[in-house]
Amino acid sequence: GDSEYAMIAGDTLPDTHPYNLGLNKMGDLIKEKTNGAVTLDVFGNSQLGSERDLIEGLQIGSVQVTCISTAPLAGFTDMFLVFDLPFIFETTEQARAVMDSEVGEQILHSVDEQGLVGLAWFENGFRQVTNNVRPIEKPEDLKGIKIRTMESPIHMASFSVMGADPTPMAMGELFTALQQGTLDAQENPLAIIDTNKFYEIQKYLSMTSHFYAPAPLFVSTDYFNTMDEESQEILKESAKEAAAYERQCLDDMNKELQGTLADDGMVVNEVDKAPFKEAVQSVYDEYTGTNAGQVNPDI
Ligand code: EAX
């Protein structure tokens, strides 16, 4: 019969990316656990708009579920900003320990009253620089490089202090901008570089791991409040199970990708992170404090 709660999810990544493998898994779990009373249809590839559009979509009720980076949340809450700081984590294990901790839960649920109920932490991962000018081996190599960043003041400041020229842009416009040469560079985790086929239009891949991007999964607060308690519980439980699956998919992909991207023609280099960390120290000074837009030192 007809489902009682027919939800749609939107995100900005290709169908083959772990975000969508995870969201589809979540849809399967929910359908199974509710015998079809609750369903989730997934629309990737920016079909429902940019991450900022998706946040607004949840708030006004045109979309029910989304999985996004924390950067576009900077516009209306400072609770997620800590994740945008450069080199805040060294390993995936550290980042996951924070997401899965009490403070991680507190951050995830900090916007429940602002239209977005936090369900789970998916993961995007450590971000790497690709470009068409030169291998990035030291911060000076970024001088004059036109790089697309997410809409995060902290991300933009980090590239500015290293001498690059950051331009914020939605994911959906990025491939074309790189292809047309409007930009030299972009930065994203390997799974995005691969599933978006950036290797077709970018020559150098530099393993800077300069930012770590978690991916909070949200359901619209208004929509969530229309659901009966049992369906709410199933939704929450399925999201957590899907998050474990999503992270596993990402781990599996990451194991293969560095080699694959080189086979696809990219010139890959490792970097010594020490000089990069030193170069962005001023970002910590400028963006930590109690003013709006700053990372609260308590967090
Ligand atoms: O949340 O825009 C980006 O570069 C992000 O990595 C992507 O939208 C995933």
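The values are calculated or read from the model by the stated rules, or taken from the named source; none is laboratory data. What you see is a predicted model; the values in this text were computed from it and never measured. With ideal geometry, Cβ positions are generated from the backbone for all residues, glycine too; neighbour counts draw on all protein chains shown. Side chains are part of the model used for accessible areas, which takes the heavy atoms of the whole protein and leaves out ligands, DNA and RNA. Shrake-Rupley method; radii C 1.70, N 1.55, O 1.52, S 1.80 Å.
Things to note:
- Flag for PHE122 being part of a helix (DSSP H, G or I) and of a type in the set (Phe, Trp, Tyr): no
- Picking from residues in segment 152-171 that are in a helix (DSSP H, G or I) and within 11 Å of the ligand (Cβ to nearest atom), the one that is nearest to the chain's Cα centre (by Cα) is MET171.
- Top-ranked residue in segment 101-151 [being more than 16 Å from the ligand (Cβ to nearest atom) and within 16 Å of the chain's Cα centre (by Cα); ranked as surrounded by the fewest Cβ atoms within 10 Å (Cβ to Cβ)]: GLY104
- Residue in segment 32-53 that is among the aliphatic types (A, V, I, L, M), at pLDDT 95 or above and under 30 Å from ASN296 (Cβ atoms) present: no
- ASP11 vs. criteria within 13 Å of the ligand (Cβ to nearest atom), farther than 27 Å from ASP251 by Cα and out of contact with any Pro (no Cβ under 9 Å at 6 or more places or on another chain): no
- Number of positions in segment 46-82 that are within 12 Å of the ligand (Cβ to nearest atom) and not in a loop (DSSP other than H, G, I, E, B): 10
- Among the residues of segment 125-151, those that are touching a strand residue (DSSP E or B) at 6+ places or on another chain (Cβ under 8 Å), in contact (Cβ under 8 Å) with a residue 60 or more places away in the chain, part of a loop (DSSP other than H, G, I, E, B) and over 19 Å from THR12 (Cα atoms) comprise ASN132, VAL133, ARG134, PRO135, ILE136, GLU137.
- Taken over segment 29-47, residues that are crowded, with 19+ Cβ neighbours inside 10 Å and touching a residue at least 40 places away in the same chain (Cβ under 8 Å) amount to 4.
- Total residues in segment 172-191, condition touching a Lys or Arg at 6+ places or on another chain (Cβ under 9 Å) and either within 15 Å of the ligand (Cβ to nearest atom) or of a type in the set (Phe, Trp, Tyr) (or both): 11
- Close pairs (9 angstrom Cβ cut-off, 6 or more residues apart or separate chains): on the phi < 0 side of the Ramachandran plot in segment 86-101, open to solvent by less than 40 Å² (accessible area, probe 1.4 Å) and polar (S, T, N, Q) anywhere: PRO86/SER158; PHE89/SER209; GLU90/SER209
- Looking at segment 179-296, the helices (runs of 4 or more DSSP H) lying wholly inside it that each contain 3 or more residues that are of a type in the set (A, V, I, L, M) and closer than 20 Å to GLY27 by Cβ sit at 229-263.
- Boolean, SER220 is touching a residue at least 60 places away in the same chain (Cβ under 8 Å) and at positive phi: no
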